[in-house]
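As structure tokens, the structure follows; a few thoughts come after it.
The values are calculated or read from the model by the stated rules, or taken from the named source; none is laboratory data. These numbers were taken from a predicted model, which means no experiment stands behind them. Using ideal geometry, Cβ is built from the backbone for each residue, glycine included, and neighbour counts are taken over all protein chains shown.
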Amino acid sequence: MPTPALLRKPFLVLTGPTACGKSALALALAEALAPHCRVEIVSVDSALVYRGMDIGTAKPSAAERALVPHHLIDIREPHEPYSAAAFLQDCAAAVDGILARGALPLLVGGTMLYLHALLHGLDPLPQADVAVRAQLDARAAREGWPAMHAWLAEVDPVTAKRLAPRDAQRIQRALEVWCVTGQPLSALQQRSAQDRSWQAAWIAERVVSLEPTSRAWLHARVAQRFAVMLQAGFLDEVRTLRRDARLHAQLPSIRSVGYRQAWQMLDGTVAESEWVAQAEAATRQLAKRQITWLRSMAGRRVLHPDTHGEAQMLESTLSAIQPVLRRL
């Protein structure tokens, strides 16, 4: 069983697709629990780890972070690597520290790779191979990522089915695994039915997932949030990042949704009149992938932020987490 010592400790997980209201509910939960126990938040977000990427990631404000302590935010420079393995190590240390202070760890975020690592452990995957990645990038430059996706469908149809044809980062990784090991990524990620049964019971007690029933509601939230980001100076933030000679378009940080499209526009490869629409479309696709992954998580407590009011969601969450609170 993956990271059993960590999973036996009392902490909670609040997840859901991008722009669904996770951060607001987390802060409301911390406030509601304040008379009984302190809450400290552990970010489960692959973009929030990077310094200088604040607006485009909807990073919690300084005031919010002063109100409730947050962890795993601003722990890397944008040019530095960060992985699921690093997340597990940092998450375990953060949870231990929070519990030692007599507080409740609340894991909040929607990076499903990190949640998968938390629940299932690290898959026996090869380390990144720079030479193979360079070859894949060169082929993608000639043929395009949809063609690379078609190749992936031939060698690993299971993984290809869950990836969008332009999801360059994940297509590249899946093909890299195939090239290095000769085995499909999906085969290396398989877990036993016994593990899944154990995990379902753990998830039922620990995980609250915000999943809107209306796609239109979520799409409107995505557009609204992007408009707020633009007004807050998102493009200026990207221009500042571009002044760092260590940064380039292929880094995981810069390939984050929104940053990728803004970078391409400033490079002149995407029209100024099109990049916002492309960024919003990419965000909607991300949310769709997140929801698809969450629906495979048996046992989770599901709340619908488009039909449940804030008070109702808070009440439902407080009810769901009582078993964990009793063990603090």
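A few remarks follow.
- Flag if Ala28 is closer than 22 Å to Arg255 by Cα and either in the same structural domain as Ser214 (by TED's automatic domain parsing) or crowded, with 17+ Cβ neighbours inside 10 Å (or both): no
- For the stretch 261-290, the set of residues classified as surrounded by fewer than 20 Cβ atoms within 10 Å (Cβ to Cβ) and within 30 Å of Val208 (Cβ to Cβ) consists of Glu280, Ala281, Ala282, Arg284, Gln285, Lys288, Arg289, listed by residue number.
Every residue, every condition in (1) among the aromatic types (Phe, Trp, Tyr); (2) at pLDDT 95 or above; (3) surrounded by 12 or more Cβ atoms within 10 Å (Cβ to Cβ); (4) more than 18 Å from the chain's Cα centre (by Cα), yes or no:
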position	(1), (2), (3), (4)
Glu211	no, yes, yes, no
Leu218	no, yes, yes, no
Leu230	no, yes, yes, yes
Leu235	no, yes, yes, yes
Asp244	no, yes, yes, yes
Gln250	no, no, yes, yes
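- Some residue of the stretch 69-83 being in contact (Cβ under 8 Å) with a residue 60 or more places away in the chain and either small (Gly, Ala, Ser) or closer than 17 Å to Thr15 by Cα (or both): no
- Taking the stretch 53-140 as the region of interest, the helices (runs of 4 or more DSSP H) fully inside it that hold 3 or more residues being closer than 30 Å to Leu175 by Cα are 84-100, 112-120.
- Single residue of Asp90, Asp74, Asp45 found to be at positive phi and at pLDDT 95 or above: Asp74
- All conditions but one from (1) part of a helix (DSSP H, G or I); (2) polar (S, T, N, Q); (3) loosely packed, with under 14 Cβ neighbours inside 10 Å apply to Thr317; the one that does not is (3).
- Search result, residues across the stretch 291-300 that are assigned to a helix (DSSP H, G or I) and surrounded by 16 or more Cβ atoms within 10 Å (Cβ to Cβ): Ile291, Trp293, Leu294
- Test set (1) touching a Phe, Trp or Tyr at 6+ places or on another chain (Cβ under 7 Å); (2) more than 22 Å from Asp45 (Cα to Cα) - Ile254 fails condition number: (2)
- Qualifying residue in the stretch 70-92 (condition: in contact with a His (Cβ under 9 Å, 6 or more places away or on another chain), aliphatic (A, V, I, L, M) and surrounded by 21 or more Cβ atoms within 10 Å (Cβ to Cβ)): no
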